[in-house]
Amino acid sequence: GESPDTPNRVASLIKKQKGICSHCGLYFTSTDIVEVDHKLPLSLGGKDQYDNLQLLHRHCHDIKTATDGSLNKNHDNKPF
């Protein structure tokens, strides 16, 4: 979070999360690829606000996205 290359939003989330991925609970390392995630996806009504953001390892983000319903094109639960 102190590298000059680190975007402010990422640095803030690293500090808020004490360097720990919200999905797997492991610490981020300098070699990890991290991604900002919306806890409640925008496609499901989440807001693009700091309190709805978390930092995840890229592979954790992939797992979360695959299971959080944001990829479901049928958000209103109507039958196809």
inquiry  = Quick test for you: out of LYS18, LYS39, LYS47, pick the one residue that is at positive phi, modelled with pLDDT of 95 or more and charged (D, E, K, R).
reply    = LYS18
inquiry  = If a residue must be more than 12 Å from the chain's Cα centre (by Cα) and charged (D, E, K, R), how many such residues does region 41-56 contain?
reply    = 1
query = Within the set of pairs 6+ apart or on separate chains, which have a first residue in region 1-22 that is closer than 13 Å to HIS57 by Cβ and surrounded by 15 or more Cβ atoms within 10 Å (Cβ to Cβ), a second that is modelled with pLDDT of 95 or more and of a type in the set (Val, Ile, Thr), and C-beta atoms under 7 Å apart?
reply = VAL10/VAL34; VAL10/VAL36; LEU13/VAL36
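The values are calculated or read from the model by the stated rules, or taken from the named source; none is laboratory data. Source: prediction; values computed, not measured. When we count neighbours, we look across all protein chains shown, and the Cβ atoms used for this are built from the backbone with ideal geometry, even at glycine.
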